[in-house]
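Below is one structure, written out as structure tokens, with a few remarks after it.
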Amino acid sequence: MKKFLLFAIIILSFTLVSIFVAEKTDVLGLQRQPLAVSFQENEGHLVLSWERLPYPCFYRIETYSKTTGLVEGEPELHFFLGDFTFGSSYEVPRSAIPMYYRVTAYGMFGQLTDPSAPIPNPNFAKAPQETAPVPIFHYTTSNKASLMPFLVWHTVPDAVCYEVELLSAPPAQEGGIQLDQAAHLYSTRKVYTNGWQADLRPYAAKGVVYWRARALNLHMQPIGVFSKAEPIHIDSSLPMPQAPLLNNFDQMPDFEQPDYPVYHWIPLHDIMHYEVELMTKPPEIEHGTQPDKGRVWSRIVDSADTCYDEYARPYAGEYYWRVRALDANNNIIGTWSDTAQFIVPQRDSRVQAAVLGDSITHGGGAISYSPASLEYSYTTYLDFPCLNLGRSGDTSTMTKDRFEADVMPFHPLNLMIMTGSNSLRTSDIKPQDIINDLTVIRDKCLSHDIRPIFLTLMPINPANIKYAFHTDTDPEWRLKLNLVNGWIRQQDYFIDLEPYFYDAAGQQLDTGFAIDGLHPDIRGKMLMGEIINMHKNKFR
């Protein structure tokens, strides 16, 4: 037995020495070779693969996005997360913006290779003028569609809506921005999310039709081109979907709902009335027709794809939600959707940082994206964890009035405060009213040992607000902005966002940052995060 153990020790020692020599001397010359990487996608799941090195090793995969390049000192890439695998493939986190990945090999005795060059997500690799929606679902001869299938694609950043075209055959020319004249069957521009339930009943006899989509901006102008036409092979005997489709295809890494959650889905064809229910346990009956006995909240909305929770959800635990369609008289259509889950984590007695404010803080942008789309939240681009206590629709007074209920349960060490943009637009709210509200918030922070860090309000664009929301803006908004931001700049701790967001004339909010004239879109939210990152010395 002793001889066997001695022999095993000798073999193990020899193996470890061999590995050490191989790694440190790179006798095989493999460490200088870049990892060969490829992508494969299946229904929204994107897998990154590479050739395994002949060493016992593991691999670190890092996820990044590019920064705007508008803030001095900001790095070229913003780090999102890192993960490890012992395999030779990795399912990359879903995202709704261009992401880049680096893969590094590590052996038993340290790093084996340099990080690979940033590898772009292929769904976002095209030039802006060639951008096209990338289909997620494919209806092939082996996976046929019912007469009312969901057509789903990856979101195009900042697309306000989409135009979908059904065709009897592939178009004469792929791509482009024009509807096809010869094969055109039907088209609609009333698609405000990255999916649409098609009604193929008029074309059942054809057996196969084609579809494609293109992204549009607020003015119904194309963003890029039509996607490549996809065949839809039809099987009329298949059951048609009777429930909305949960829309979790393009979520940012480490998705976490804001304190005031928002729920969104892909709607049923031409249905505008829905009920959402929230539970703390999975429903007793999946895909039923009745409310769950254990639900803790529900809401009926006249919205095709989004529901805002009017209550904060600060308590740690698991939450489950689902949605069903109703007619105009609240009669049930079909069944409940699948059930989605989100987790409110257990937090320390005092969180390090939180943000408080209105819809600019809560998230959302480009008209059609709610705070559930975290690519439109500036907290997504911060270099540190930050709790989102924003609530859409707040005036400065509304933000002030919910301080005890929404801020104090978390007792943050640092609280970033940005509220008053909605008050700027309203002529019956005076600048001193906003300043008074901010003063109360500041004093409440100081009395509870919370460091108030004010963010200056950004300019707005009245013409774009008028076009997007059909509302007028107080003509004195610039004076109000100057007075409010002047007060903010007198505080002990503030971060000055305002100068970065003007148009070339220096008069109003640049449309390139916010198409609706008020809520920054992805690039604007990135810029907000980058400015804050460069002022981390203001945080304790």
For the stretch 309-342, give me each residue that is of a type in the set (A, V, I, L, M) and open to solvent by less than 60 Å² (accessible area, probe 1.4 Å). ALA312, ALA316, VAL323, ALA325, LEU326, ILE333, ALA340
Which count do you get for residues in the stretch 413-439 that are farther than 17 Å from ARG391 by Cα, not β-branched (Val, Ile, Thr) and not in a helix (DSSP H, G or I)? 5
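Looking at THR140, THR104, THR131, can you tell me which residue is open to solvent by less than 10 Å² (accessible area, probe 1.4 Å), farther than 24 Å from PHE255 by Cα and β-branched (Val, Ile, Thr)? Don't jump to the end; show me each part of the working.
Details: THR140 fails: open to solvent by less than 10 Å² (accessible area, probe 1.4 Å); THR131 fails: open to solvent by less than 10 Å² (accessible area, probe 1.4 Å).
Result of the check over THR140, THR104, THR131: THR104.
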Considering (1) modelled with pLDDT of 95 or more; (2) hydrophobic (A, V, I, L, M, F, W, C); (3) open to solvent by less than 10 Å² (accessible area, probe 1.4 Å), say which one LEU424 fails and leave the rest. (1)
Tell me whether the stretch 81-92 contains one or more residues that are surrounded by 12 or more Cβ atoms within 10 Å (Cβ to Cβ), touching a helix residue (DSSP H, G or I) at 6+ places or on another chain (Cβ under 7 Å) and over 18 Å from PRO120 (Cβ atoms). no
When the stretch 56-91 is examined, which residues are found to be touching a Leu at 6+ places or on another chain (Cβ under 8 Å) and either among the charged types (D, E, K, R) or touching a residue at least 60 places away in the same chain (Cβ under 8 Å) (or both)? GLU62, THR63, SER65, LYS66, THR67, THR68, LEU70, VAL71, GLU91
For the stretch 237-280, enumerate the residues that are crowded, with 18+ Cβ neighbours inside 10 Å and among the hydroxyl-bearing types (Ser, Thr, Tyr). TYR260, TYR263, TYR274
Looking at TYR192, TYR210, TYR203, which is the one that is surrounded by 17 or more Cβ atoms within 10 Å (Cβ to Cβ), within 19 Å of ILE522 (Cα to Cα) and in contact with a strand residue (DSSP E or B) (Cβ under 8 Å, 6 or more places away or on another chain)? TYR192
Looking only at residues in the stretch 282-308 that are surrounded by 14 or more Cβ atoms within 10 Å (Cβ to Cβ) and of a type in the set (D, E, K, R), which one is farthest from HIS362 (Cα to Cα)? ASP292
Out of PRO56, PRO120, sole residue that is modelled with pLDDT under 95 and within 30 Å of GLY512 (Cβ to Cβ): PRO120
Please work out if VAL355 is at pLDDT 95 or above, under 28 Å from THR511 (Cβ atoms) and in contact with a helix residue (DSSP H, G or I) (Cβ under 9 Å, 6 or more places away or on another chain). yes
From (1) part of a helix (DSSP H, G or I); (2) open to solvent by less than 30 Å² (accessible area, probe 1.4 Å), pick out the condition that doesn't hold for PRO459. (1)
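I'd like the full set of residues that are outside any strand (DSSP E or B) and in contact (Cβ under 8 Å) with a residue 60 or more places away in the chain, limited to the stretch 275-310.
Kept after step one, since they are outside any strand (DSSP E or B), are these residues of the stretch 275-310: 280-294, 302-305, 309-310.
Once the filter is applied, which keeps residues that are outside any strand (DSSP E or B) and in contact (Cβ under 8 Å) with a residue 60 or more places away in the chain, the stretch 275-310 yields ALA304, ASP305.
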What are the residues in the stretch 343-363 that are more than 17 Å from ARG425 (Cβ to Cβ) and buried (at least 24 other Cβ atoms within 10 Å of the Cβ), if any? ALA354, VAL355, LEU356, GLY363
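Strands (runs of 3 or more DSSP E) wholly in the stretch 33-103 with at least 2 residues that are in contact with an Asp or Glu (Cβ under 7 Å, 6 or more places away or on another chain) - which ones?
45-50, 57-66, 77-85
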Taking the stretch 496-507 and the residues there that are open to solvent by 50 Å² or more (accessible area, probe 1.4 Å) and of a type outside the set (Phe, Trp, Tyr), the one that is nearest to GLY529 (Cα to Cα) would be PRO499
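The values are calculated or read from the model by the stated rules, or taken from the named source; none is laboratory data. Since the model is a prediction, treat every value here as computed from it, not as a measurement. When we count neighbours, we look across all protein chains shown, and the Cβ atoms used for this are built from the backbone with ideal geometry, even at glycine. Heads up: the accessible areas ignore ligands, DNA and RNA and are worked out on the full protein's heavy atoms, side chains in. Shrake-Rupley method; radii C 1.70, N 1.55, O 1.52, S 1.80 Å.
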